[in-house]
Amino acid sequence: MIRVIQSNNPFAIHADHLAFDVNDGLNVWEVFHTIGFKEFGCKLTVTVDNRELGEEEWDNPVPADSVIGIVPKVEGSVLAIIIIAVVSIAAIAIALTLTVPVPDSPHQSAPDPVYSLKGQTNQIKLGSPIESPYGAPRIWPAYGAKPYNKYINNDAYQYTLYCLGQGSYDVGQVFIEDLPIEDFEDVEYEVYGPNVNVDLFRDNVQTSAVIASNEMYGPNQPEYGSDIGYSGDIPNDVGTTTDLIEVDISLPRGLYRQDKKGRIQSRSVSATFEYATVDDSGTVDGPWLQLFTFNKTLHTTTPRRFTVSQPVDPGRYKIRGRRTNDYNTSATVGNTLHWETLRAYLPNVGTYGDVTMLAVKARATANLNDQSKRKINCEVTRKLPIYNGAVWSQPTATRSVVWAFCDIFRARYGAHLSDSVLDLAALVELDTALEAEGVYFDWVFDSRTTVWDAARTVCNAARGLPILDGSQLYIYRDTYKSQVVDLFNDENIIKDSFMLNVSLYKVEEYDSIEIEYRDPTTWKTETVLCALPGSFGENPEQVVLAGVNDRARAYHEGMYMISVRSFEREEVQFTTGVEGLLSTYGDLVKVAYDTLGVDGSVGGYVESVTSNRLGVTLSDPVDFVAGFDYRFTVTGTDGTVYGPYIATQGADDYNIILDSAVSTQ
């Protein structure tokens, strides 16, 4: 007996086939007749025991006990068709993925309080990732170094260095709380771009934690102690050197004596400070040398504060100090002396790499106090390279979704990949479209996350998703599509693989979406309720739309999300052959399958085409119904979808006539 394997799918020969046994001694044509296989216009590949037969060999008897394979050729003719009835009857057109999921970032930790309602303040974030703002957010930058104070003419000045984030920026208005920084007296600031030396003040200062408003007792007081009144500390860490020591001294009650008539008289106070080298264990290993002496004679009840700066040879030192005159315990005398602070200046860091720094020197006033000075914030616009289709530009101010996406994959703090992984042509085209629509991404990444989750966050602002197609990265955006990429029917859907999933309404499901976005002025959280007509919005889902700071767009995106959830409830799944590689995420395909239950939709393959390419013979009959228009869509052997053509009935139900010549690719 001869074994015959007839495959209906050239891309999955073993998954979709029929098997027959016929008598020995037959040729290929007689085998066709025996199994009821009709000759048709699409070329065939015929094999005998895995050897391909030329058509001229089909008249020869097939050897006994052979295995014959019959497979449609994938070249030289039209492969498959779908007849679609339109007007009141339509076939189903679906995208490979129906919707963009509601935005989420499962692996991204919660934002720091710097960017939440818990408090918009500057913070020390040692060991945390450097922030990466994109677009045009309002930011409360983290400290780039620990702030320090010093006294000038009895006024306290704070020296603060902030890190705005990775890369470079156009810096707009700088604020202290909600007031422009220019409204405050004696405030200086400078912005330093990447790799620019910070020179407004010394930027590498360590402050002793031991010396903190320590009272300096007089020789006549029991607290003076056995160590001749000395107290002190080592201000800088092991392995560092200092070339400048600063000591802050205060007279918290002023310095005076009040006579019997209430008049203020002068009073004096004195102290001495010494320094000595120490080893890594903190043990003094050198002689004690005089750093400076402090002598003041004043007649004032106003508290007075002084900063004494003293250069030293580079090294690590212990500093000690003691009061050298007696303390007057009379209630009419103010002569209390405090050692406020001890600082060591280390060699400047100067440049901080590919980040932007903000240096602020500010005098303390009634309006600029300990609370407000921790609320420095500014309006910035991120500068990123922009691709023009040929080359990348220098960093340019932009709010673009696309260039933020590219930066995440190109930057050293991101994936640090080469341009070859980016589908730059598609990304340039998308950027043009988003710019025309006014779709931007304004956000600050201030906590550790994965590159992929960061890319998803960026794409969500544009109703998109990051896609890796082969070795190319691009942004898929869920928008209206009219171009059909592929056709699927019984001929190229593997048998028993088709499934239609329908999501039914649930009593407890959300009836609306409440979008959380950022107000562009205050940069605080606002919400907008998005509900379809007829819905009361009583059970909204809370969705954070990162990067969106426009109420109208937040509402627009929220209405899209609730519409998708409410109306797109059918999902088609099936398995096909290698032609499935022609489609990618989000492509529009057409499907004709009995399970869909769409009347008037017929799928099959083309058996033959007339010489003028207007007449087509089909593998399956079409029942033309009066009053309806019919369209014919076909996939060529190159994978291109052609049509739709207007189709009318031909000589019988297997033949149709087209309004224009069909492609024979």
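The values are calculated or read from the model by the stated rules, or taken from the named source; none is laboratory data. Remember, predicted model here, so these are calculated numbers, not experimental data. As a convention, Cβ positions derive from the backbone with ideal geometry for all residues, glycine included, and neighbour counts pool all protein chains shown. Protein only, heavy atoms only, side chains kept; ligands, DNA and RNA dropped before computing areas. Shrake-Rupley method; radii C 1.70, N 1.55, O 1.52, S 1.80 Å.
For this structure, a couple of remarks:
- Among Q649, V444, S512 - extreme Cα towards positive end, dipole of the chain, charges at beta-carbon: V444
- Within segment 503-642, antiparallel bridges make up roughly 70 percent of the DSSP beta bridges whose residues both belong there.
- Among the listed pairs K260/K296; K383/K590; K383/K524; K296/K361; K318/K375, a Cα-Cα separation exceeding 31 Å is found for K383/K590; K318/K375.
- Per residue, the average separation of C-alpha pairs within less than 8 Å and at least 6 apart gives the chain a relative contact order of 20 percent.
- For M1, the accessible area of its heavy atoms, probed at 1.4 Å with every protein chain present, is near 110 square angstrom.
- With DNA, RNA and ligands ignored, accessible area of R316 (1.4 Å probe; Å², nearest 10): 40 Å²
- Rounded to the nearest 500, the helix-only mean residue ellipticity at 222 nm of the chain stands at -2500 deg cm²/dmol, with each DSSP H run of n ≥ 4 adding -39,500 (n - 2.57).
- Cα long-axis angle, helix 451-460 against the chain (0 to 90 degrees, to the nearest 10): 70 degrees
- Among M561, N492, Q265 the positive-end extreme of the charge dipole of the chain (Cβ point charges): Q265
- Carbon plus sulfur fraction of accessible area for the chain, probe 1.4 Å, in percent: 49 percent
- Accessible surface, 1.4 Å probe, highest first, among residues I234, I319: I234, I319
- Summing Cβ point charges (Lys, Arg +1; Asp, Glu -1) relative to the Cα centre of segment 305-388 gives a dipole of roughly 80 debye.
- Simple rule: put +1 on each Lys or Arg Cβ and -1 on each Asp or Glu Cβ in the chain, find the dipole, and look at P222, N195, P395; the Cα lying farthest toward the positive end is P222.
- Ranking of H17, H338, H416 by solvent-accessible surface, largest first: H416, H17, H338 (1.4 Å probe, protein heavy atoms only, all chains present).
- Virtual spin-label span in nm between R51 and I152, 7 Å along Cα→Cβ: 9.9 nm
- Summarising the strand pairing of the chain, around 90 percent of its internal DSSP beta bridges are antiparallel.
- Computed over segment 584-644: relative contact order in percent, which uses C-alpha pairs under 8 Å that are six or more apart: 18 percent
- Taking all protein chains together and rolling a 1.4 Å probe, W403 ends up with roughly 10 Å² accessible.
- Principal-axis analysis of the Cα atoms of the chain puts helix 551-567 at an angle of about 40° to the longest axis.
- Per residue, the solvent-accessible area of segment 460-502 (1.4 Å probe, heavy atoms of protein chains only, all protein chains present) comes to 47 Å².
- Total charge dipole magnitude, the chain, about the Cα centre, Cβ charges on Lys, Arg, Asp, Glu only, Debye to nearest 20: 5120 debye
- A simple charge model with +1 on the Cβ of Lys and Arg, -1 on the Cβ of Asp and Glu and nothing else charged puts the dipole of segment 155-284 at about 1120 debye relative to its Cα centre.
- Note on exposure: K481, K495 ranked by accessible area (1.4 Å probe, complete protein assembly) read K495, K481, with the most exposed listed first.
- Segment 155-275, relative contact order in percent, only Cα pairs under 8 angstrom and at least six apart counted: 13 percent
- Calculated Rg and Dmax of the chain using C-alpha coordinates, Å: 40.1, 141
- Surface per residue (accessible, 1.4 Å probe) for segment 305-453, Å²: 42 Å²
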